[in-house]
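A.B. asks: Quick one: this structure, given as structure tokens, is what I'll be asking you about.
The values are calculated or read from the model by the stated rules, or taken from the named source; none is laboratory data. Since the model is a prediction, treat every value here as computed from it, not as a measurement. With ideal geometry, Cβ positions are generated from the backbone for all residues, glycine too; neighbour counts draw on all protein chains shown. For accessibility, only protein heavy atoms count, side chains too; no ligands or nucleic acids. Shrake-Rupley method; radii C 1.70, N 1.55, O 1.52, S 1.80 Å.
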Amino acid sequence: KEEIGNKPYLFLEIDEHSATAGAITRCEAFLDSIANKRTDNSENKNPPRKIMRSEIMKLNEKQVFIPKMCDHAYALVAAFEYSGIQAELLPEPDRETIEMGRKNVSGKQCFPCILTIGEMLKKIDSSTSGADEFIFFMPAGTGPCRFGQYNIFQRLVLERLGRSNAKVFSPVQDRTLYSELGIAGDNFARRAWEGVTSIELLTKCLHETRPHEKEKGSADYLYDKYLNKLYTTLRGNNGNIEGVLKNIRHDFASVPKFAEKKPLIGIIGEIFVRSNTFTNENLIRKIEALGGEVWLSPPEEWIYYVNHIGIKHAILKHDFSETFKLLMKNHIQRKTEHKYGKLFKDNLKTLNEPSTREILKKASPYIHESFEGETILSVGKAVDLIEKGVSGIVSAMPFGCMPGTIVTALLRAINRDFNIPCVSIPYDGSEANCSEIQLEAFMHQAGNFMTFKA
């Protein structure tokens with residue numbers, strides 16, 4: 001709409017239920033609207049303003065606001081602050097966030113897009129400062145997903161509402177990712193990665209301990225305590241990250257636990273929905289309440305995949321300098337992850353995550369590597385989790401998500417090949433009893449699968 005302006009246009013949505021007559025009627029009406037359009041060149045004097053994907057800005061003169069996809073976002077806040085840039089994590093989404101977002105969308109956008117624009121507007125409206133002091137961090141992406149359009153759409157909404165001075169910082173998750181992040185400082189990406197991997201280890205400790213704790217709330221208490229300690233350590237110059245991780249290992253290992261075995265459930269799917277507790281209606285706690293334990297796909301798998309795609313694209317463009325930089329970045333990240341992971345070697349059964357190449361290989365019987373994006377990661381990770389002994393797979397996704405819909409179809413093949421319970425749960429912000437019943441039935445099947453497998 002923004003690009004076309006006042007010119008007539010036709011938008012057709014067609015599926016297997018669409019009638020031919022309806023499409024023909026719409027085409028005829030469209031042709032009539034063109035014929036009846038007055039010839040008026042005045043509408044072309046001011047063509048629509050182009051919304052640029054990247055905007056040059058001085059981050060150290062502003063405050064950066066980051067949507068709370070999950071607690072790993074604290075690593076980004078700490079990395080910005082470590083680099084001398086003011087940053088703040090936006091509050092957890094709520095019903096008000098949904099309402100503010102829905103007021104400004106057409107209904108075609110997926111749930112995370114609605115939430116993030118709602119968070120931006122909520123922050124601006126609740127602040128006493130001017131909108132020119134806001135920079136919202138919203139990465140861009142490539143591939144078959146609406147995520148790549150979030151930042152463009154958000155800029156349009158902010159401009160339409162008179163908040164054009166609120167900027168959107170959107171580094172593209174491709175071969176240029178780290179160079180675009182470079183405006184935050186040379187050490188930003190390294191510190192952010194240290195934070196993400198540290199918080200992931202803390203998250204794994206929580207998910208492996210909470211379902212078995214004898215004293216309810218003890219695992220959550222430790223998690224909140226050490227999340228704050230990690231954040232404080234990461235944002236400072238003299239923090240001892242490894243020291244905090246050693247304390248995390250010791251304290252979680254010391255929590256009194258029941259020895260009972262529970263069905264291990266692997267959670268895959270769209271990264272925002274599977275990670276954000278409000279968006280997925282506390283999916284992990286619901287699984288635990290139904291007698292299960294969770295292995296949640298980590299956010300690191302997406303970063304490694306971005307590295308993989310970036311290297312592939314850089315090679316195709318004969319950009320050997322960028323190829324070398326990405327290879328080195330990937331090597332350093334792996335080295336950091338292994339160094340921190342060694343501290344939990346004998347404590348975490350969900351510690352070993354596959355490399356990107358392993359994920360793509362495991363997905364290859366179902367989807368070709370050329371189909372880039374979250375779909376292939378979810379499928380490959382599902383196979384990996386099954387091979388590591390889970391008793392069921394849950395795919396969490398936004399309602400109407402194209403990659404999620406493809407994963408749902410492919411899970412039928414995985415179910416056929418491995419004979420393991422698989423379920424896809426779409427979320428759109430409206431709680432439905434059917435998802436509760438669906439999850440209960442799934443957990444019953446997972447329990448039977450674990451018993452049969454034993």
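A.B. asks: Rolling a 1.4 angstrom probe over the protein heavy atoms, how many square angstrom per residue are accessible across the range 222-296?
C.D. replies: 43
A.B. asks: For the cross-link pairs LYS342/LYS381; LYS261/LYS329; LYS225/LYS261, which exceed 31 Å when the distance is taken from alpha carbon to alpha carbon?
C.D. replies: Listed pairs above 31 Å: LYS261/LYS329.
A.B. asks: When the dipole is taken about the Cα centre of the chain, and only Lys, Arg (+1) and Asp, Glu (-1) are charged at their Cβ, what size is it in debye, to the nearest 20?
C.D. replies: That gives a dipole near 800 debye.
A.B. asks: Quick check: the angle from helix 111-126's long axis to the longest principal axis of the chain, C-alpha only, nearest 10 degrees?
C.D. replies: The two axes meet at around 80 degrees.
A.B. asks: Set the Förster radius R0 to 22 Å, insert the Cβ-Cβ distance between ARG160 and GLN86 as r into 1/(1 + (r/R0)^6), and round the FRET efficiency to 0.05.
C.D. replies: 0.20
A.B. asks: For a quick protection proxy, order the peptides 348-360, 300-312 by their average other-Cβ count within 10 Å, most packed first.
C.D. replies: 300-312, 348-360
A.B. asks: What is the gain in length, in nm to one decimal, between GLU13 and SER370 on full extension, counting 0.36 nm per residue of separation less the C-alpha to C-alpha distance?
C.D. replies: Gain on stretching GLU13 to SER370: 125.9 nm.
A.B. asks: Also, quick follow-up: Which angle between 0 and 90 degrees, to the nearest 10, do you get for helix 300-316 versus the longest principal axis of the chain when only C-alpha atoms count?
C.D. replies: 50
A.B. asks: Hey, another quick one. Suppose the Debye formula is applied to equal point scatterers at every Cα of the range 172-252; what is log10 I(q)/I(0) at q = 0.24 Å⁻¹?
C.D. replies: Scattering profile of the range 172-252, log10 relative to I(0): -1.07.
A.B. asks: Measuring from label point to label point, each 7 Å out along Cα→Cβ, what is the LYS349 to THR25 span in nm?
C.D. replies: Spacing of the two 7 Å Cα→Cβ label points: 5.9 nm.
A.B. asks: Scan around VAL64 for amide H atoms under 5 Å from its own, H built in the peptide plane at 1.01 Å from N, and keep only partners 5 or more places away or cross-chain.
C.D. replies: Here GLN86, ALA87, GLU88 satisfy the definition.
A.B. asks: Here is a further query. Need one word for the range 105-255: rounded, prolate or oblate. Basis is the Cα gyration tensor (sqrt eigenvalues a ≥ b ≥ c); a/c below 1.5 gives rounded, then a/b vs b/c decides.
C.D. replies: prolate
A.B. asks: ³J(HN,Hα) across the range 188-193 via Karplus (A = 6.51, B = -1.76, C = 1.60, θ = phi - 60°), whole Hz, x for Gly/Pro?
C.D. replies: 4, 4, 5, 5, 4, 5
A.B. asks: Same structure again: Ignoring ligands, DNA and RNA, what percent of the accessible area of the chain is carbon or sulfur (1.4 Å)?
C.D. replies: On the chain, the fraction of accessible area on carbon and sulfur atoms equals 53 percent.
A.B. asks: Still on this structure, please answer the following. Can you tell me which lysines have their Cα less than 20 Å from the Cα of LYS7? Leave out same-chain residues fewer than eight positions away.
C.D. replies: Partners found: LYS37, LYS45, LYS50.
A.B. asks: Which percent of Cα pairs goes in each bin when the distances of the chain are cut into 20 angstrom slices starting at zero?
C.D. replies: 22, 56, 20, 2
A.B. asks: What's the extension gain from HIS250 to LYS103 if we count 0.36 nm per residue and subtract their Cα-Cα distance?
C.D. replies: In short, 48.1 nm is gained.
A.B. asks: Tell me the volume per residue, in Å³, of the convex hull enclosing the alpha carbons of the range 381-454.
C.D. replies: 81
A.B. asks: Quick one: dipole size for the range 315-454, taken about the Cα centre, charges +1 on Lys/Arg Cβ and -1 on Asp/Glu Cβ, in debye to the nearest 20.
C.D. replies: 740
A.B. asks: Note the full-extension length gain between GLU260 and ILE4 as 0.36 nm times their separation in residues minus their Cα-Cα distance, in nm to one decimal.
C.D. replies: 86.0 nm
A.B. asks: Additional query: If packing is taken as the average count of other Cβ atoms within 10 Å, what order do 12-21, 333-342 fall into, highest mean first?
C.D. replies: 333-342, 12-21
A.B. asks: Then there's this: Using only the Cα atoms, work out Rg/Rh for the range 278-388, with Rh taken as the Kirkwood radius, to two decimals.
C.D. replies: Rounded to two decimals, Rg over Rh is 1.03.
A.B. asks: Let me check against my output: what whole-number percent is the relative contact order of the chain, with C-alpha pairs under 8 Å and at least 6 apart?
C.D. replies: 15
A.B. asks: Could you tell me the largest-minus-smallest coordinate of the C-alpha atoms of the range 202-304 on each of the three principal axes, in descending order and whole angstroms?
C.D. replies: Result for the range 202-304: principal-axis Cα extents of 43, 34, 23 Å.
A.B. asks: Taking only protein heavy atoms into account and a 1.4 Å probe, give the accessible area per residue of the range 385-454 in Å².
C.D. replies: 51
A.B. asks: Follow-up. Just to confirm the number: angle between the C-alpha axis of helix 241-253 and the first principal axis of the chain, 0 to 90 degrees, nearest 10?
C.D. replies: That works out to roughly 60 degrees.
A.B. asks: Now for a separate question. Quick check on the chain: helices-only [θ] at 222 nm, where DSSP H runs of length 4 and up contribute -39,500 (n - 2.57) each and the sum goes over total residues. Nearest 500, please.
C.D. replies: -16500 deg cm²/dmol
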